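Student: I have a structure here, written as structure tokens, and I will follow up with some questions on it.
The values are calculated or read from the model by the stated rules, or taken from the named source; none is laboratory data. Keep in mind that what you see is a predicted model, and the values were worked out from it rather than measured. All Cβ positions, even for glycine, are placed from backbone atoms using ideal geometry, and neighbour counts span all protein chains on display.
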Amino acid sequence: MFLQTTPPKAGNFKPGTRNALFSDKKTCRLKIFSYTLLSGEGAYSTTPTPPAMTSQSLFFNGMILVGAGFMLTSILLSLKMLPPLPRPFRRQWRVLTAFMCFFLLGYICFILVHSTGVPLPAEFISALIFLGGSFFVFLVLRLIRQVIADLLRKDKLLQAINLELEDKVDQRTAELAQSLADVDQLSVDLSQILNTISTGVRLIDRDCIVQRVNRSFCIMTGMKEEEIVGSKCYTCFLDEHCQQSDLCTLHLIGAAGEAIHMEVVKTTKTGKKLHCMLTATPYLDKEGKLMGIVEDFQDISERVQAEQEREQMQTQLLQRSKLESVGQLAAGIAHEINTPIQYIGTNIDFFSESFNDISGLFEKLQSIATPEENTTACSQVTEVIQKALNEADWEFLREEIPAALEQTREGVNRVSTIVRAMKEFSHPGSREKAPADLNQIITNTLMVSSNEWKYVAEIETNFGDLPMVPCLSDEMGQVFLNIIVNAAHAIADQQKNSGGEEKGRIRISTSTAGTVAEIRISDSGGGMEEKVKKRVFDPFFTTKEVGRGTGQGLSIARNVIITKHQGTITVDSEVDKGTTVTICLPLKESKDQGGEQT
């Protein structure tokens, strides 16, 4: 600023300070650097010298300096925020940063002007700062509006995306729910399908853990599904093998890689034996990796039992055929034996009668040889006869020969009786009932079966006066034979168990009771328990060891007595006291069905 003052004297100018009066009547100290004389007047080039700094000036400058510090910090922060900004906002952000630099420069200039007294108009600087500030605010607002618009646009886009995402999530959730419902329904369908399978099915993973079973498997093992699922597979049966065993199906399939079929015998926890046809197949994932196995147990216990019974029946039929053949041979042999036995019997009778004659002759000869009859004329003959009698031991022969002949006659008679009983027993009876003597049938049966009972029991018979009873005599003989043999076996078992040697007793009695003939056969054997007594009429049921009984004796007896004769058969037994079988046959043919009691 240039201001006219009182000029100094010529040649006496020195730079320095002068007092000056401004147009606004304010005084100021001016520092004069040069002096120029224009039109006779002096001119000074001056620089205002600020007055001394007051506390108010220091506070004012401090505030501006703090503002400059904040502005510098804002500039640095703005420069850091620039790189991650979206491309459309970078140019505007640079302009804002430039304006902040401008403001910082204005702060600095203002502080310099205010502090040093440099002749720059403060009004111009303030106006420029205010103009820049308003433009800065405008740019900030514009940028904020763009940012808000972009945010709104992106918010709408985000909302649209969110709605679309929610729709997709809802759709996916619905699809997932439907998939889960389908899986649940598939699981229900699979369970229903598995439960309709008559064979036992279980799914086992590679760790030998049971993952699934059907109802048939639970029934087969006698266990609940909750007890089986989640447990080791070898806990379902008592004789199951672990994975290390060569008999483990998981081990076998893991080695072979294909399905296996084999017949196995399993024992349930209740001790029940199960014959099963086991089919084990690999359980694979979608990549063909082995995840476990599926086992199918087909219970063939009934079939195995039927096969065993069929084999046993075939054996029994073969044995029966052999017995029939033996019976036929025995009948033929009995017929062949009967003729020579008759010859022997006739000859024995002849020898007996002849011996009586010879005995009389020898008695007369002996009487001749007595001293009273001895004369001189026949002394020599008497000596010869006496010597011959002594040499032959006539006294002994006269006593023993008749006894021997009598024993021989008894033996021949017994053989004849046995042969006759065999012929009658083995003779194929009529298909129709005929009156028969039950006492004689029992006697013949005892005769034929004597080899079964004579070493272990004594027979006691008490035959009543029975009328002729209509029956199938050959089949009734078989019934009595089965019961008598059972009685003999029961006594033999009792002797074996007790270690005794005393013979038991078989008592047979017959009588009439109203309209029926009653036959009672009792033994002194060990008797039967209640559970055994309830099954005595079951086919093939026996308590005897293999080869000693077929379990059909009383079953055949029941069929003959009840079905064919409309009678009754009763078994009374008590442990350690013996068994009594009571048979009742109608004295007259009846169409009423009988029954059995145990």
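Student: What are the pairs, 6+ residues apart or on separate chains, where a residue within the stretch 61-78 that is farther than 14 Å from Phe99 by Cα has its Cβ under 7 Å from a residue that is at pLDDT below 75?
Tutor: Qualifying pairs under 7 Å: Asn61/Ile111; Asn61/His114; Asn61/Ser115; Ile64/Tyr107; Ile64/Phe110; Ile64/Ile111; Leu65/Ile111; Gly67/Tyr107.
Student: Shifting gears a bit: Given the residues Val479, Val536, which is the only one that is assigned to a helix (DSSP H, G or I), out of contact with any Lys or Arg (no Cβ under 8 Å at 6 or more places or on another chain) and touching a residue at least 60 places away in the same chain (Cβ under 8 Å)?
Tutor: Testing whether each residue is assigned to a helix (DSSP H, G or I), out of contact with any Lys or Arg (no Cβ under 8 Å at 6 or more places or on another chain) and touching a residue at least 60 places away in the same chain (Cβ under 8 Å) leaves just Val479.
Student: Within the stretch 544-598, can you find the residues that are modelled with pLDDT of 80 or more, under 43 Å from the mean Cα position of the chain (by Cα) and assigned to a loop (DSSP other than H, G, I, E, B)?
Tutor: Matches in the stretch 544-598: Val575, Asp576.
Student: Here's another thing I want to ask about it. Please work out which residue is nearest to Ile193 (Cα to Cα), limiting yourself to the stretch 272-298 and to residues that are of a type in the set (Asp, Glu) and under 14 Å from the mean Cα position of the chain (by Cα).
Tutor: Out of the qualifying residues, it is Asp296.
Student: In addition: Does the stretch 86-93 include one or more residues that are closer than 18 Å to Thr73 by Cβ, modelled with pLDDT of 70 or more and surrounded by 13 or more Cβ atoms within 10 Å (Cβ to Cβ)?
Tutor: Checking the stretch 86-93: at least one residue is closer than 18 Å to Thr73 by Cβ, modelled with pLDDT of 70 or more and surrounded by 13 or more Cβ atoms within 10 Å (Cβ to Cβ).
Student: Specify which of the listed residues (Thr461, Thr515, Thr445) is touching a Pro at 6+ places or on another chain (Cβ under 8 Å) and under 19 Å from Ile583 (Cβ atoms).
Tutor: None of the others qualify; the one that does is Thr515.
Student: Return the residue satisfying two criteria in turn: it lies in the stretch 502-516 and is part of a strand (DSSP E or B) and polar (S, T, N, Q), and of such residues it is farthest from Asn486 (Cα to Cα).
Tutor: If we take residues in the stretch 502-516 being part of a strand (DSSP E or B) and polar (S, T, N, Q), then Thr512 is farthest from Asn486 (Cα to Cα).
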